[in-house]
Amino acid sequence: MAEDSQGDNHSPGDRAGGAPPNDDPGTNIDSTAYETIFNAVEDAVFIFDVAHDDAEVTFRFRANNQAHESITGMATEDYRGQTPQDLFDDERAVDVLDKYRTCVERKETIEYEGTLEHPSGTIEWQTKLTPITEDGTVTRIVGVARDITDRKERERELERYRDILAKAQTIANIGAWEADLRRDESWTTEQVNEIYGLPPDEEIGIGEGIDYFHPDDRPIIEEAFERAIETGEPYDLELRVEGENGERRWVRAQADPHLEDGEAVRIRGTFQDITERKERERELERSRRRLQALFEQAPDAIFIHDGTGAILDVNTQAVQSLGYGYEELCSMQVEDIEATRGEELDDTWRGMETGEMVKKEGRQQRKDGSTFPVDVWVTKLELPEGIRYLALARDTSERKQYEEKLKEQRDNLQLLNEVVRHDIRNDLTVIKGYADLLTDHIDEGGETELETVQQKAEEAIGLTKTARDLANVMLQSDAEKQRMSLAHTLESQIEESRSGDAVAIVTVEGAIPDVSVTADNMLEAVFRNLLQNAIQHNDKAVPEVAVTAEESDDSVRVRIADNGPGIPDSRKDEIFARGEKGLESAGTGLGLYLVETLVDRYGGDVWVEDAEPEGAVFVVELPIAG
């Protein structure tokens with residue numbers, strides 16, 4: 001015999017005694033019959049005698065049946081007369097005595113569950129203790145223990161299923177319900193109540209949940225529920241509900257009626273919150289509409305085709321640019337509209353990776369047979385329906401015409417540059433040379449006129465040089481930049497300006513930093529034009545020009561100051577505009593326009609300030625080469 005730590009298992013009692021628990025001479029069952037019944041019972045049965053000595057109650061083992069002995073391996077004759085203290089350890093004995101005393105004090109059957117460690121494994125028991133009384137005194141306790149291991153395992157399994165179901169309902173936001181139509185009873189899970197915004201334990205009568213549906217959807221669910229009752233037709237609907245808390249949700253309501261003899265007697269269903277899914281669907285639909293609008297309203301022609309070149313879809317611009325109808329285009333191959341055909345197209349598609357974009361130039365052919373140039377961007381896409389190619393074709397007719405016109409202008413500019421550099425400059429040089437020869441042959445009355453001829457010839461020669469530089473800048477917009485020595489370039493132009501004008505005084509204040517800037521060979525034109533501007537537009541008899549240069553962390557600033565008339569504030573921001581000075585003035589303004597163009601190309605800046613006490617200061621700031 002054994003008891004667990006809760007006193008849940010007992011050695012039921014003794015078979016050797018053979019006498020019934022109550023030796024009532026009036027009983028109709030003799031001892032032999034009693035013993036037969038006692039040992040034939042499948043449940044484990046044990047008996048304890050109860051002795052009362054003043055306030056003390058003593059329990060002694062009396063007998064057990066074969067079922068109990070087979071489980072515990074203990075025979076009655078080995079344990080008769082022993083107390084719970086003899087049979088169990090201290091902790092178990094205390095628990096067993098507590099339950100036996102409770103049974104005696106109450107004089108009624110008590111029931112409890114516990115476990116018994118058996119060589120074959122742990123056995124779970126349900127034990128009943130029943131008191132036997134004589135003259136109002138409990139003299140014996142009969143215990144009946146039943147093996148409930150299988151039942152408890154089924155209960156635990158059921159509890160696991162319920163726990164899994166509850167978790168699944170929470171994760172999937174889904175609840176279940178049942179309506180017993182015969183009993184007029186209903187049952188819902190907590191998740192259904194949560195969707196309705198109700199407390200978990202609040203009961204919802206049959207059909208009462210319909211009141212929570214959106215007014216526009218309520219007739220739909222009412223009709224479906226009535227059909228389920230009347231005809232046994234199931235339903236699966238997606239509708240809106242407005243919960244008790246005022247929150248609006250989308251739900252999927254499903255019902256499956258159970259029929260008996262053609263009559264619906266029970267309806268079981270699920271109730272799932274699909275609000276998030278609906279929101280995703282609405283967002284996807286909005287995105288789809290936006291993409292469709294972009295697709296249809298795009299200014300470029302868009303084609304979708306498969307790997308064989310079969311056109312599957314086109315936008316409105318494709319229809320308009322090619323002159324075909326939508327259905328016509330969707331029945332054609334790419335090669336039908338492309339002047340580039342066959343193997344070249346196949347090679348383009350075959351070599352692409354998914355997500356890769358390839359650009360190519362080509363020509364497309366309209367329905368009337370005319371062709372036009374296009375730039376085409378092709379992207380390979382992997383969609384559920386298979387590999388697709390998205391081709392965006394842009395009509396480049398206007399760009400091509402502009403490029404041709406620009407090329408023609410560049411050719412004309414090149415020709416003009418050659419004329420200026422050679423023919424006009426050579427003629428001006430000849431004019432100035434002859435004017436110089438006339439110096440010794442002109443009387444005093446013609447000296448002024450001769451000097452004017454010489455000065456204008458010299459200015460014209462300088463202008464042809466500036467025009468040449470400007471033409472070179474315009475013709476070489478993509479000229480490669482390199483590291484240029486600032487000191488070498490600036491000093492060479494200072495020396496050139498000194499030798500070109502014997503009257504002007506050009507000085508350098510301080511040392512020129514030994515740094516390099518990122519520029520090209522046209523850098524010298526920047527300083528040449530600024531120095532010439534300071535001298536030629538000076539109103540003093542002796543033009544004075546002072547050059548300074550300062551280095552900072554990442555740039556160098558060159559200042560060219562003169563003692564001329566200065567620049568009014570109203571013109572300082574616009575003086576670098578092309579032709580700003582006007583042809584009637586002492587210069588055309590091309591030099592300053594060239595300066596601003598070159599400095600901007602080098603990533604620098606140029607501006608004009610007032611000099612003290614008079615004149616102007618032209619400031620050039622250039623980044624130092626890294």
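The values are calculated or read from the model by the stated rules, or taken from the named source; none is laboratory data. Note that the structure is a prediction, hence the values are computed from the model and not measured. Here the Cβ is made from the backbone with ideal geometry for all residues, glycine too, and neighbour counts use every protein chain on show.
Please determine whether any residue of segment 393-411 is among the aliphatic types (A, V, I, L, M), surrounded by 10 or more Cβ atoms within 10 Å (Cβ to Cβ) and part of a helix (DSSP H, G or I).
yes
Please specify each residue of segment 499-550 satisfying the condition of being in a loop (DSSP other than H, G, I, E, B), crowded, with 19+ Cβ neighbours inside 10 Å and of a type in the set (A, V, I, L, M).
ALA504, ILE512, MET522
On the given criteria, is GLU242 surrounded by 14 or more Cβ atoms within 10 Å (Cβ to Cβ) and over 12 Å from PHE271 (Cβ atoms)?
Yes; evaluated as a whole, the condition is true for this residue.
Filter segment 190-204 for residues that are touching a Gly at 6+ places or on another chain (Cβ under 8 Å) and part of a loop (DSSP other than H, G, I, E, B); which is surrounded by the fewest Cβ atoms within 10 Å (Cβ to Cβ)?
GLY197
Go through the residues of segment 83-104 one by one and say whether even a single one is β-branched (Val, Ile, Thr) and under 19 Å from THR137 (Cα atoms).
yes
Grab the helices (runs of 4 or more DSSP H) fully contained in segment 34-110, keeping just those with 3 or more residues being at pLDDT 90 or above and assigned by TED's automatic domain parsing to the domain that holds VAL142.
The helices (runs of 4 or more DSSP H) meeting that bar are 90-106.
Could you pull out the residue among ILE387, ILE304, ILE311 that is farther than 28 Å from TYR402 by Cα, hydrophobic (A, V, I, L, M, F, W, C), surrounded by 14 or more Cβ atoms within 10 Å (Cβ to Cβ) and within 27 Å of the chain's Cα centre (by Cα)?
Answer to the selection: ILE304.
When only residues in segment 563-576 that are out of contact with any Asp or Glu (no Cβ under 7 Å at 6 or more places or on another chain) and surrounded by 18 or more Cβ atoms within 10 Å (Cβ to Cβ) count, which is farthest from ASP605 (Cα to Cα)?
Top of the filtered list is ILE567.
Any residue at all in segment 290-300 that is surrounded by 16 or more Cβ atoms within 10 Å (Cβ to Cβ) and either touching a residue at least 24 places away in the same chain (Cβ under 8 Å) or not in a helix (DSSP H, G or I) (or both)?
yes
For segment 70-87, which residues satisfy the criterion of being surrounded by fewer than 22 Cβ atoms within 10 Å (Cβ to Cβ) and either of a type outside the set (S, T, N, Q) or under 14 Å from PRO131 (Cα atoms) (or both)?
Once the filter is applied, which keeps residues that are surrounded by fewer than 22 Cβ atoms within 10 Å (Cβ to Cβ) and either of a type outside the set (S, T, N, Q) or under 14 Å from PRO131 (Cα atoms) (or both), segment 70-87 yields GLY73, MET74, ALA75, GLU77, ASP78, TYR79, ARG80, GLY81, ASP86, LEU87.
Quick check on SER287: is it outside any strand (DSSP E or B), of a type in the set (Ser, Thr, Tyr) and not assigned by TED's automatic domain parsing to the domain that holds GLU385?
Yes: the conditions hold for SER287.
State yes or no: is LEU590 surrounded by fewer than 20 Cβ atoms within 10 Å (Cβ to Cβ), in contact with a Leu (Cβ under 7 Å, 6 or more places away or on another chain) and in the same structural domain as LEU531 (by TED's automatic domain parsing)?
yes
Go through segment 211-281 and tell me which strands (runs of 3 or more DSSP E), entirely inside it, have 2 or more residues that are out of contact with any helix residue (DSSP H, G or I) (no Cβ under 7 Å at 6 or more places or on another chain) and either of a type in the set (Ser, Thr, Tyr) or touching a residue at least 60 places away in the same chain (Cβ under 8 Å) (or both).
The qualifying strands (runs of 3 or more DSSP E) are 263-273.
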